Structures are given as C-alpha cells and as structure tokens.
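Questions regarding the structure given below will be posed in turn.
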Amino acid sequence: MSTQSDEDRDEPNNGGQQVQVAASLDDRRARSLDQIAGNERVKNRLRFQMRGGALANLQFFYGPTGVGKTTIAECLLWWHLCQNRSGRTDACGHCTNCTTYLHFLRNRR
C-alpha cells in the first residue's frame with residue numbers, strides 16, 4: 001500500500017496524463033551562490049574568478065556531508081554552461097543552455 005506524501009506532486013507528462021513525481025532535495029537546492037548560506041570565503045573567491053570570466057581548471061570541494069559541496073558545484077556548472085555569463089556571478093536562467101540544464105535537473109530522477 002502506498003500513500004502520497006505532502007512532498008509528492010502530480011505533473012502532466014507529454015500525453016496529458018498525470019504522473020506522480022516525488023519532490024526531492026534537488027527541487028529545493030540553491031541555483032545561485034547568493035542563495036547558499038555560509039561558505040562566504042569560498043563564495044567570494046569563486047565570485048572573483050567568475051567576474052574575471054574564468055574559473056580555475058580544477059575545483060576541489062572537500063568537507064563533511066551537508067556543507068554545500070554539491071550545491072556549489074552545480075551553481076558553478078550552471079554558470080559555466082550559461083551563454084550570458086559575461087560579468088555575471090550567476091547564470092541568467094533564461095538562455096537556451098540554462099533552460100536545458102534546468103530541465104535536466106528537474107527530470108534526472
């Protein structure tokens with residue numbers, strides 16, 4: 001017997017039928033460095049590199065579980081894929097690459 005929790009929601013698929021999709025942490029994960037709590041030293045260093053237009057070739061995130069390593073990495077990936085990133089420290093969220101990546105994040109389960 002399965003029950004639908006408050007975090008589950010129904011979304012239409014391509015055929016117009018309702019499909020149950022479980023809400024996950026990915027739906028609530030920050031999409032920009034400004035939305036991430038804490039890690040100010042790391043965020044400031046990354047913002048400086050982003051304003052210059054390029055990040056280091058390698059970023060190594062280390063720390064205990066739950067400190068935001070994956071969230072920061074996804075924010076950097078989204079910024080790197082953005083077509084309108086010149087002088088910005090966050091992805092625009094509107095260009096073709098941003099909307100494609102956002103669609104991927106929502107459907108990767």
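The values are calculated or read from the model by the stated rules, or taken from the named source; none is laboratory data. Quantities reported herein were computed from a predicted structural model and do not represent experimental measurements. Glycine gets a Cβ as well: all are built from the backbone with ideal geometry, and neighbour counts include every protein chain shown.
In segment 13-30, is there at least one residue being modelled with pLDDT of 70 or more, surrounded by 10 or more Cβ atoms within 10 Å (Cβ to Cβ) and in contact with a helix residue (DSSP H, G or I) (Cβ under 9 Å, 6 or more places away or on another chain)?
Scanning segment 13-30, I find at least one residue that is modelled with pLDDT of 70 or more, surrounded by 10 or more Cβ atoms within 10 Å (Cβ to Cβ) and in contact with a helix residue (DSSP H, G or I) (Cβ under 9 Å, 6 or more places away or on another chain), so the answer is yes.
For segment 71-101, how many residues are in a helix (DSSP H, G or I) and touching a residue at least 40 places away in the same chain (Cβ under 8 Å)? Break it down stepwise before answering.
Filtering segment 71-101 down to residues in a helix (DSSP H, G or I) leaves 71-81, 96-101.
Subsequent filtering for residues that are touching a residue at least 40 places away in the same chain (Cβ under 8 Å) retains 71, 74-75, 78.
The total comes to 4.
Quick one: in segment 52-109, of everything that is under 20 Å from residue 38 (Cα atoms) and polar (S, T, N, Q), which residue is surrounded by the most Cβ atoms within 10 Å (Cβ to Cβ)?
That would be 71.
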